[in-house]
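Here is the structure we will look at, set down as structure tokens.
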Amino acid sequence: MQHYIRTDIDNVLADMTASASFHIPFLFAINFEQTEAIFIKHPTEQRNILFRTPLGSNSPFHSNNQVCKSPELSVKLEPLSVYAHKFEIIMRHLKRGDSFLANLTTKTPIETSLTLNEIYEMADAPYCLLVPDHFVCFSPERFVQIDESGTIETHPMKGTISANVENAEQTILADVKESAEHATIVDLIRNDVSINAEKVNVEKYRYITRIKTGADEILQVSSKIRGQLNTNWQTQIGNIISDMLPAGSISGAPKKATVEAIKEAEREPRGFYTGVFGYFDGNQLDSAVLIRYIEQDEHGKQYYRSGGGITAQSNLEKEYNEVMQKIYIPTREPKFTEVICVEDGHFLRLDYHQRRMNRTCQHFYGTNLSIEHLPNQLPAAAENGLCKCRIVYGKTIESIEFAAYTPKNVVTVALAEDNDIDYTYKYLDRNALTRLVAEKGTDDVIIVKDGHITDSSFCNLILADKDGKLFTPKESLLKGTYREWLLAQGKVEEKSIAATELGNYESVYFVNAMRNLNNCTKIKTSEILFQEGE
């Protein structure tokens with residue numbers, strides 16, 4: 001881990017600017033004190049530091065039996081008297097006029113059977129970062145997002161209430177203290193964005209976001225601020241980020257005096273907690289504030305960092321309860337998809353799809369979902385020709401869509417090795433598969449795991465040898481319904497096929513529920529090997 005932590009902040013900012021200028025992807029993180037940073041070029045090509053953002057990831061969601069369970073945390077709460085001492089220091093600065101708003105945080109010892117890696121794996125948040133043996137973050141709060149045209153956007157969060165409170169939404173929006181706190185942060189961040197952007201305005205003010213906290217939910221209040229950077233913003237990205245640090249929502253206003261008050265009250269560095277991290281994909285940038293944060297010391301002890309905004313109107317017990325309420329790991333249930341071929345109004349191999357859905361639901365939820373009713377929902381437009389029925393489900397069926405089927409044109413194919421990939425179940429999250437295709441720059445890939453041929457990014461594989469016999473890889477990642485039907489009919493044989501043995505076969509058929517042996521893509525193995533050698 002230490003190999004990735006740098007203290008030459010100015011050089012890190014310069015590296016960010018240089019990389020963005022040449023459209024080189026990178027991952028960065030900067031701590032709250034701006035004394036340490038992480039910078040990694042081409043971050044999707046490494047697996048040491050893991051991240052997930054809406055813009056991209058090197059570690060899409062992989063599910064397991066633990067994911068559907070809310071993790072148990074044993075929390076040793078900071079005594080109210082200890083928090084009160086810090087609170088009084090902040091209040092003194094507020095009443096003296098040094099600050100209008102200060103973010104006060106705590107460091108709470110926790111115990112859990114989960115490792116940082118397991119917490120990262122199950123956390124449900126738009127922005128996640130794992131630095132092994134150091135910290136894991138699952139943040140709901142964006143720092144800034146910059147699109148290719150230079151539009152910069154941020155969504156500061158200020159104001160939290162339990163969704164279980166009666167009339168929770170109306171209560172939080174009407175709260176005078178929360179309203180003043182939010183207004184202060186929006187004004188501060190709008191000014192921060194204005195340092196480098198023009199036409200800055202608040203496009204949406206104080207809207208509600210629901211966030212799961214395990215079994216319960218909390219409501220958080222956000223606003224949307226947008227501005228326009230210069231067209232060459234990539235050549236200034238280091239300064240753009242630096243000019244906005246530390247993030248206003250987790251420091252306060254005015255920044256300089258408030259940070260000094262925070263240091264006096266908290267009496268220890270925050271480190272990467274309440275710093276920022278982000279991903280630049282070569283054209284755009286998305287970043288987050290490092291909150292919802294668990295750190296681990298050199299002895300393996302874990303601590304949950306949480307905090308909240310304090311104003312002169314704050315109530316000690318209310319602020320204490322809010323900070324403690326934020327100690328949770330938001331877990332998500334995996335989502336799955338099933339694609340069924342409808343030909344001239346007939347659902348093909350519906351029983352195979354039903355069995356696969358039941359296997360998935362039994363594994364994760366101990367229940368079954370019936371799709372026997374699907375024929376009754378077939379729209380008139382799908383009664384002729386080839387149509388795709390797409391189901392999205394978890395514990396329940398969330399959506400059923402029918403659409404005309406247009407096959408993807410596949411000409412170039414390369415081998416792609418990934419020994420960690422898992423697609424045992426037909427997850428809705430396909431980032432692991434699409435990432436491999438993007439890295440190779442071809443129309444599709446043949447995935448090699450532990451030296452063996454598995455599948456393509458969206459098809460099972462059928463290999464034809466020189467005698468015309470058909471085989472499907474025994475190590476297939478997903479047991480596709482058409483593949484299972486072919487095996488049951490005795491049309492193909494299951495066989496372990498090493499990547500080094502690919503040249504023993506003449507061609508590869510790319511099959512799935514929508515593509516049978518007669519209408520699927522067929523590639524000569526010599527062409528695949530040529531792509532591999534490029």
- Message: What is the sum of charges, Lys and Arg at +1 and Asp and Glu at -1, for the other residues whose Cβ falls under 12 Å from the Cβ of GLY282?
- Response: -1
- What FRET efficiency would be calculated for the residue pair ASN358, ASN232, taking the C-beta separation as r and a Förster radius of 45 Å, to the nearest 0.05? 0.25
- Between GLU198 and ALA404, the two model label points (7 Å from Cα along the beta-carbon direction) sit apart by a distance in nm of 4.5
- Per-residue HN-Hα couplings for segment 503-520 [Karplus 6.51, -1.76, 1.60; θ = phi - 60°; Hz; x = Gly/Pro]: x, 6, 10, 7, 7, 10, 9, 9, 10, 7, 4, 9, 10, 9, 4, 8, 10, 8
- Task: Scan around LEU50 for amide H atoms under 5 Å from its own, H built in the peptide plane at 1.01 Å from N, and keep only partners 5 or more places away or cross-chain.
- Result: LEU130
- Of the candidate values (1) 22, 50, 24, 5, 0; (2) 18, 47, 31, 5, 0; (3) 20, 47, 28, 5, 0, the one computed for P(r) over Cα pairs in 20 Å bins from 0, in percent from this structure is (3)
- Item | Where Cα atoms sit under 16 Å apart: lysine pairs in segment 72-178 separated by 8 or more or lying on different chains | 5
- By how many nm would the segment from SER162 to ASP297 grow when fully extended, if each residue of separation counts as 0.36 nm and the alpha-carbon distance is taken off? 45.5 nm
- If you put +1 on each Lys and Arg Cβ and -1 on each Asp and Glu Cβ, how big is the dipole of segment 380-534 around its Cα centre, in Debye rounded to 20? 540
- Query: If the limit is 30 Å between Cα atoms, which of LYS255/LYS318; LYS301/LYS440; LYS388/LYS524; LYS395/LYS469; LYS440/LYS491; LYS199/LYS256 go over it?
  - Reply: LYS301/LYS440; LYS395/LYS469; LYS440/LYS491
- Query: Mind listing the phi-derived Karplus ³J(HN,Hα) values for segment 340-345, rounded to whole Hz, using 6.51, -1.76 and 1.60 with θ = phi - 60°, and x for any glycine or proline?
  - Reply: 10, 7, 10, 10, 6, x
- Leaving ligands, DNA and RNA out of it, rank PHE347, PHE100 by accessible area with a 1.4 Å probe, largest first. PHE100, PHE347
- Could you give the length gained on full extension between ASN239 and SER81, defined as 0.36 nm per residue of separation minus the Cα-Cα distance, in nm? 52.8 nm
- Query: Taking a temperature of 20 °C and a viscosity of 1.002 mPa s, what whole-number D in µm²/s does Stokes-Einstein yield for segment 53-203 with Rh from Kirkwood over alpha carbon pairs?
  - Reply: 112
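The values are calculated or read from the model by the stated rules, or taken from the named source; none is laboratory data. On a predicted model such as this, the values are computed, not experimentally measured, just so you know. Ideal geometry is used to build each Cβ from the backbone, glycine not excepted, and the neighbour counts take in all protein chains shown. In case anyone asks, the SASA skips ligands and DNA or RNA and just uses the protein heavy atoms, side chains included. Shrake-Rupley method; radii C 1.70, N 1.55, O 1.52, S 1.80 Å.
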